[in-house]
1. Is it the case, given these coordinates, that LEU932 is of a type in the set (A, V, I, L, M, F, W, C), out of contact with any helix residue (DSSP H, G or I) (no Cβ under 6 Å at 6 or more places or on another chain), at negative phi and not in a strand (DSSP E or B)?
2. Give me the pairs: first residue in region 234-251 and closer than 12 Å to THR265 by Cβ, second residue open to solvent by 30 Å² or more (accessible area, probe 1.4 Å) and among the acidic types (Asp, Glu), beta-carbon distance under 7 Å, and six or more apart or on different chains, which are they?
3. What are the residue pairs meeting all of these: first residue in region 390-419, first residue under 23 Å from VAL512 (Cβ atoms), second residue of a type in the set (S, T, N, Q) and in a loop (DSSP other than H, G, I, E, B), Cβ atoms under 8 Å, and 6 or more apart or on different chains?
4. Any residue at all in region 885-898 that is polar (S, T, N, Q), modelled with pLDDT of 80 or more and surrounded by fewer than 20 Cβ atoms within 10 Å (Cβ to Cβ)?
5. Residues LEU875, LEU825: which one is buried (at least 16 other Cβ atoms within 10 Å of the Cβ), modelled with pLDDT of 90 or more and outside any loop (DSSP other than H, G, I, E, B)?
6. Consider LEU977 carefully, then state whether it is open to solvent by less than 10 Å² (accessible area, probe 1.4 Å) and not in a loop (DSSP other than H, G, I, E, B).
7. If TYR90 satisfies all but one of (1) open to solvent by 40 Å² or more (accessible area, probe 1.4 Å); (2) of a type in the set (Ser, Thr, Tyr); (3) touching an Asp or Glu at 6+ places or on another chain (Cβ under 6 Å), what's the number of the condition it fails?
8. Looking only at region 146-170, which residues are surrounded by 15 or more Cβ atoms within 10 Å (Cβ to Cβ) and not aliphatic (A, V, I, L, M)?
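The values are calculated or read from the model by the stated rules, or taken from the named source; none is laboratory data. Please read these numbers as outputs of a predicted model, since none were measured by experiment. Because the Cβ atoms are built from the backbone with ideal geometry, glycine has one as well, and the counts that use them run over all protein chains shown. Accessible surface is based on the protein model in full, side chains and every heavy atom, while ligands, DNA and RNA are left aside. Shrake-Rupley method; radii C 1.70, N 1.55, O 1.52, S 1.80 Å.
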Amino acid sequence: MAHHRQSLNLQQQQQQQLLLLAFVFVLGFLTSSCHALYEDQVGVWDWHQQYIGRVKHAVFQTQGSGRKRVVVATEQNALASLNLRTGEIYWRHVLGESDPIDVLELASGKYVMTLSGGTNVRAWHLPDGVLIWEAAIPSSKGSNPPRLVALPVDIDNDKINDLLVLSGSVLTALSGQDGTTIWKVDISGKDVDIRDVIVATEELKAYGVGFIGDSGFTIIEIDLHAGTITDRKTAMTSETLSVTELLVSKQFAVVLDSKGTHLVTLSINANGLTVLETALSSLSLNAVGLPKLLPTKLDGAISLALGDLTAIVAVDPTSGELRTVETLVGAVAVSDSLSLANSKHSVAIIQLLEGGHSQNTFSLHVHGEDWTEVVQKETVKLPSHRGHVQKVFLNAYLRTDRTHGFRALVIGEDDSLLLLQQGEIVWTREDELASIVDAKSAELPLERDGVSVAEVEHDLAEWLKGHFLKLKATLFLASADEIAAVQESRLNQADKTKLTRDHNGFRKLLLVLTKSGKLLALHTGDGRIVWSLLIPGFRAPHGGPQVCPEKLLLWHVPHQHAEERPEVLVLGKSCSTSDFPAVLSWVDAYKGIELHTMKLSYPVTHAFGLPLTDSSEQRLHLFVDDQAQAHLLPGSEESLDLFLKQKDNAYFYEVDRTKGIIEGYGIKGLVESSRQTSSEGYLFETEKLWSVVFPEETESIATVATRRPDEVVHTQAKVLGNREVLFKYLNKNMIFVATVTPKSVGLLGAASPEDSTVVAYLIDTVTGRILHRVTHPSMQGPVHAVLSENWVVYHYFNLRNHRYEMSVLETYDQSRVGDKGVMQLMLGRHNASAPLSSYSSSNVEVKGQSYFFTYTVKTLTVTTTARGITSKQLLLGTVTDQVLALDKRLLDPRRSATPTPSEREEGILPLTDAIPISPQGYLTNGYQVEGLRGILTIPARLESTCLVFAYGLDLFYTRTAPSRTYDSLTEDFSYALLLITIVALLIAIAVTYVLAERKELAEKWK
């Protein structure tokens, strides 16, 4: 018995020693594979840009002697304080995707109050953005938008003014000091729908204004101190009301009737409620389509949109009578009323001038208390790529003569933010870059021959000076100013910002397509905008269906004729309906000019490029419509001949996530009638070849991953440590599909482990054959996956262990099992020229392994290099909005607890249950890419290097070398020190030679 215990203890000690050795080995591997940066290297070849997104709320803080600023809330759920003089960000907070900012107010001159989702009220410190307090309000029934009112009075006697929050049917008073609830009252009733709250400060009353049914108004009076309902009033109408929009001010409320022919006004005065119905025709307003009340808050007036006409209608608060004071045609933006001294108000109106389309010229009018009075009138010319002004916020300042001047914060059609003052643009923020839809890369033009001697001499002098300073810094002889000059020269290298190609392929153009329909070209050297274009073909007429950008395709990529300009194709679809015809726009990638546009007669469900190019190097593309028919572009005879030769090898698939179906199609034949309309592409009939149907009760499609079409695979074989060969199953038609249990869709923990399952599939899209299927019980999505070469890595959540996991699947072709050796690989039947067909019988072996992982993953991709020789790195967008690089060897399914000597020679790591994370693996260093949505990897001409572009609310660009820069010298290599070393060696050789000759001569004389 004692001997048995000793043997068990010995086994446990051996296991612990093996685990310790494995940990030390992996730690040593991580240490050797780290690509850490020194502090002075940050910013040399990477850059980071911060944005806030499209602004929807803005409040100005210009009082007092502090910094002048404007606080904004955006559609991307960002809250930021901007310098009013420069537009720079003082501070910024990005809330969650499910936490939109509905209301933004300033309170007590030092707090920023926000209301999110009608349930979360937050108080932020204005100078530094620190969160002072947060209060959660229970959600209640009601479809009305939430309201937040900063009271001008203190109702709980704590010397700080308080707040009112209307959420659903509950009105809550919160303390401005700490957010505690003072009182809460339910103001609902039978058929009562309260839409807004107005405050009478003198009476210490609050009034809830809303509808009773669909044919009446109701007003509920609440005592501010007690929080009790003191009165209810109703007023019925003869018309059925449109209850979607109600404009409320202190003295009246206005709503449209359900037919859109009358404006119904409710006057609120001491004598009671008065209802007046006014026909639009009596106001000389003839509606084109249904009119719409604009949510602009005007003092004593409302704004109304009627097609391409915007009308300003004044309201008599006593009688409710209406009169039209201004009619504006075309692109118009109206600000909210701005309160000035002596109870005066001003309103800004920006309108596109008649005939100003070509130069994008606008008139800015600031109206006074009387709409006939124009306080300030300016003409502003905006760049054409800004488009029309969509929204305007007005702010006033005191001139030296004590009169009021005005500045306007405007939002462009491209989602940019501009400050206008005295007819000039003070500053601009390119916040359209916070909503990138798609991104591609393009080569820069070749550098022209013929450089002047003066430029060469200047560059040579600068080069010598720079390396002399670097040498002094290396030898610790440089002063502090010289060290700063060296660092500045490294950050501002002239080479990296040139608009021409470099021999390493680091300088490129990043083409980014934004949600607003704008295409921009960014330089990889410093991230500056080379050109920008608000695509004219996507700018719908006023009132028409809006075209939203969908995809960016590389149309023309010149290789043989490098002097030609590349072209990109932008695909746009309707923002509202799926059956609206698509729009195509061709853009010059060097100059940012729209070459031509085309509105198709059919909607496009998806588009993809073919591996075929015509003689002009235009790539052939297939566009699939809603009837699963394929359209070939470009519509030339040459393109048609090329495609007809290869159409039997053309297949595509469609994924219907709602129905849980994947269908594969083949190309049948050309529809001859399409030859007459070839400008829209040649039409081909398709044939459904297969379908995979997932049971709706048990499986829901979570993600689909495909290989990059331009991925380069260096070798089809993996040579093992024992000199045997495994052949990769390199099927370009293979996709990865992950499904989850429908019950587990949603938040983590929404279903029990017994009801949650993740199923992974490898499917051939030509035949529909399921190559492999693996089930992960007790797992939950979301699932993120990346497919490269012959392997796939996917990430999910383990409900039983309450940890994330990553799994890897590698596919190998066992039909080549006869060619195991290296010589057979070179001379055998299955060499690199052997074709691979989806219809051939193949014996696929799948090796898999799963590992625990620490972080939530938002996106997942893989590095790519020019020839595919360099080792792969997985790039993960983490929940902290950073980019983490993981060596693919950490996710090798052949890892074991005790690797054999041949496996260690091959580089296989000892098996651990979790993937270790090195702090040096973060490519973003200390930066965060807020709202990270995508990572684009671009191969450089230098095989060791991959360019990485991460985008979300922010942008980040860097370079990574997964196997280190084995094919180039580092950028901080001291050529001057090398030159001095060579010269010193030559002098030493010469001196040694002379001394040796003298010694030899002296020996002979002896």
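1. yes
2. If the second residue must be open to solvent by 30 Å² or more (accessible area, probe 1.4 Å) and among the acidic types (Asp, Glu), the pairs left are THR237/GLU277; GLU239/GLU277; LEU241/ASP214.
3. GLU413/SER516; ASP414/SER516; ASP415/SER435; ASP415/SER516
4. Yes; the residues of region 885-898 include at least one that is polar (S, T, N, Q), modelled with pLDDT of 80 or more and surrounded by fewer than 20 Cβ atoms within 10 Å (Cβ to Cβ).
5. Step by step, each of LEU875, LEU825 is checked, and only LEU875 is buried (at least 16 other Cβ atoms within 10 Å of the Cβ), modelled with pLDDT of 90 or more and outside any loop (DSSP other than H, G, I, E, B).
6. no
7. (3)
8. PRO146, ARG147, ASP154, ASP156, ASN161, ASP162, SER167, GLY168, SER169
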